[in-house]
């Protein structure tokens with residue numbers, strides 16, 4: 001259904017619990033946080049970083065994370081959505097309008113689908129704070145692995161080291 005919306009439909013639309021959810025225009029923090037992560041994440045061969053593409057979790061669930069790390073082989077010229085088994089990491093940058101979905105609804109759906117890593121990026125005093133989670137497979141739920149201010153250092157099957165200074169991407 002999302003691939004066949006009429007011309008003039010909003011550009012970023014998600015399917016959550018069978019309802020179409022439009023995403024409001026992003027603010028400056030959201031844009032800079034996306035730019036920073038997209039430029040800084042360096043997945044190993046076989047994985048790649050993509051922005052604003054959907055993940056098909058079921059017939060009534062097709063959320064659009066802000067950033068994904070996916071299997072490179074899953075992206076073809078016709079790809080409009082990824083399968084959960086092709087997703088290594090889903091990242092949501094929280095805005096006022098998406099806070100409830102990004103904090104509760106989406107993480108539950110991603111963990112139920114078996115997506116191994118989830119990050120939530122929030123704004124605190126004008127700077128990003130990254131909350132990192134990993135799937136605990138026995139219960140199919142995320143457990144927190146860290147709260148990162150200033151610098152994001154973690155391992156998600158490969159080392160991640162990101163300076164969270166948004167001024168570096170303002171240029």
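Values as computed for the structure displayed
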{"quantity": "Which numbered condition residue 62 misses (of (1) farther than 21 Å from residue 22 by Cα; (2) within 13 Å of the chain's Cα centre (by Cα))", "calculated": "(1)"}
{"quantity": "Residue within the range 134-150 that is out of contact with any helix residue (DSSP H, G or I) (no Cβ under 7 Å at 6 or more places or on another chain), assigned to a loop (DSSP other than H, G, I, E, B) and either crowded, with 17+ Cβ neighbours inside 10 Å or at positive phi (or both) present", "calculated": "yes"}
{"quantity": "Number of positions in the range 36-79 that are part of a loop (DSSP other than H, G, I, E, B) and either surrounded by 22 or more Cβ atoms within 10 Å (Cβ to Cβ) or touching a strand residue (DSSP E or B) at 6+ places or on another chain (Cβ under 7 Å) (or both)", "calculated": "12"}
{"quantity": "Scope the range 151-171; condition in a strand (DSSP E or B) and in contact (Cβ under 8 Å) with a residue 60 or more places away in the chain; matching residues", "calculated": "160, 162, 163"}
{"quantity": "Check on residue 97, surrounded by fewer than 16 Cβ atoms within 10 Å (Cβ to Cβ) and either in contact with a helix residue (DSSP H, G or I) (Cβ under 7 Å, 6 or more places away or on another chain) or under 19 Å from residue 22 (Cβ atoms) (or both)", "calculated": "yes"}
{"quantity": "Members of the range 104-133 found to be part of a helix (DSSP H, G or I), touching a strand residue (DSSP E or B) at 6+ places or on another chain (Cβ under 7 Å) and surrounded by fewer than 20 Cβ atoms within 10 Å (Cβ to Cβ), listed by number", "calculated": "105"}
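Each reported figure results from applying straightforward, stated rules to the coordinates on display, with no laboratory input. Being a predicted model, the structure only gives us computed values, none of them experimental. A quick note on method: Cβ atoms are made from the backbone with ideal geometry, for glycine too, and the neighbour counts reach across all protein chains shown.
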